[in-house]
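Reading through the structure tokens given below for one structure.
The values are calculated or read from the model by the stated rules, or taken from the named source; none is laboratory data. A quick note: this is a predicted structure, and the numbers were derived from the prediction, not measured. Neighbour counts are summed over all protein chains in view; Cβ atoms, including those assigned to glycine, are modelled from backbone coordinates with ideal geometry.
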Amino acid sequence: MAAKSLETYVEAHEREREHLPLGEISALLAPAAEAAELGEEELLCSVRQVRRRIWQERYEEAVRTCSDRQDSQQA
């Protein structure tokens, strides 16, 4: 449940900025992590995983867009 909350928060706020600072996210999520009995290291690990997934999705989207543009120019 804490991981889903973290993912929802990160996805909502990552659109507003280009980078996601681990320290800031951890500080904002500390009360929720404490309630879920997550340690600081577990929280940071979850933040890193979500951030990595978001970056991977952005990369894949950029590659698809570029590929689509090249295909349409060649047609």
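Hey, any hits in region 65-74 for a residue that's assigned to a helix (DSSP H, G or I) and either in contact with a Lys or Arg (Cβ under 6 Å, 6 or more places away or on another chain) or closer than 16 Å to Thr8 by Cα (or both)? Show your work before the answer.
Filtering region 65-74 down to residues assigned to a helix (DSSP H, G or I) leaves 65-74.
Now drop any that are not either in contact with a Lys or Arg (Cβ under 6 Å, 6 or more places away or on another chain) or closer than 16 Å to Thr8 by Cα (or both), which leaves none.
Scanning region 65-74, I find no residue that is assigned to a helix (DSSP H, G or I) and either in contact with a Lys or Arg (Cβ under 6 Å, 6 or more places away or on another chain) or closer than 16 Å to Thr8 by Cα (or both), so the answer is no.
Consider Leu38 against the criteria (1) in contact with a helix residue (DSSP H, G or I) (Cβ under 7 Å, 6 or more places away or on another chain); (2) in a helix (DSSP H, G or I): it satisfies all of them except one. Which criterion is unmet?
Against the list (1) in contact with a helix residue (DSSP H, G or I) (Cβ under 7 Å, 6 or more places away or on another chain); (2) in a helix (DSSP H, G or I), Leu38 comes up short only on (2).
I'm trying to understand the selection: among the residues of region 47-70, which are aliphatic (A, V, I, L, M) and exposed (fewer than 13 other Cβ atoms within 10 Å of the Cβ)?
Residues of region 47-70 that are aliphatic (A, V, I, L, M), as a first pass: 47, 50, 54, 62-63.
Result: Ala62, Val63.
So how many residues does region 28-44 have that are more than 18 Å from the chain's Cα centre (by Cα) and surrounded by 12 or more Cβ atoms within 10 Å (Cβ to Cβ)?
Summing the residues that are more than 18 Å from the chain's Cα centre (by Cα) and surrounded by 12 or more Cβ atoms within 10 Å (Cβ to Cβ) in region 28-44 gives 3.
Evaluate region 45-54: report whether one residue or more is at pLDDT 75 or above, assigned to a helix (DSSP H, G or I) and more than 16 Å from the chain's Cα centre (by Cα). Walk me through how you get there before you give the answer.
Going residue by residue through region 45-54, those that are at pLDDT 75 or above are 45-54.
Filter once more, keeping what is assigned to a helix (DSSP H, G or I): 45-54.
From what is left, the residues that are more than 16 Å from the chain's Cα centre (by Cα) are none.
For region 45-54, residues at pLDDT 75 or above, assigned to a helix (DSSP H, G or I) and more than 16 Å from the chain's Cα centre (by Cα): absent.
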